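The values are calculated or read from the model by the stated rules, or taken from the named source; none is laboratory data. All of these numbers come straight from a predicted model, not from anything done at the bench. Cβ coordinates were reconstructed from backbone atoms using ideal geometry, including for glycine residues, and neighbour counts include every protein chain displayed. When the accessible area is computed, the model is the full protein with side chains, heavy atoms only, and any ligands, DNA or RNA have been set aside. Shrake-Rupley method; radii C 1.70, N 1.55, O 1.52, S 1.80 Å.
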Amino acid sequence: MRVLKKRRIVSIAEFSIHPIGVGTSVSRYVKQALQAISKIEGLEYQVTPMATILEAQDVHTVLKAVEASHSALRSMGAKRISSILRIDERLDKPRTMRDKTKSVED
């Protein structure tokens, strides 16, 4: 996981993407989507078993990651793509995905 250089107010999102009609194993598609989002400047991400957590200083960057992921799957020949996106945009104080996790561990 890459770390944000500045501690600013951020948007944190949970994102999953699923090509439909390509069989039961979709790891090669997810890998391609991850390669696409890894090139987006200002985006941090953490892969989990069920989704990828995205972190950026604005929602626009998060949405750019979603579009890059869909584009990556289209380029692989996926005919139908389903994705789920949940965004937490906290505006009252700086918060990162690491802070959110740490707050329940202490």
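For the chain, the fraction of 1.4 Å probe accessible surface lying on carbon and sulfur atoms is 51 percent.
Take the Kirkwood radius over Cα pairs of the range 25-106, plug it into Stokes-Einstein at 10 °C and 1.306 mPa s, and you get 114 µm²/s for translational diffusion. Between residue 98 and residue 34, the distance separating the two model label sites (each 7 Å from Cα on the Cα→Cβ line) works out to 2.0 nm. Any idea what the relative contact order of the chain is, in percent, if you count C-alpha pairs under 8 Å spaced at least 6 apart? Once divided by the residue count of the chain, the mean separation gives 44 percent.
The label-point distance for residue 60 and residue 48, in a model that sets each label 7 Å from Cα toward Cβ, rounds to 2.8 nm. Pairs of Lys residues in the chain that lie 8 or more places apart, or on two chains, and have C-alpha atoms under 28 angstrom apart add up to 27.
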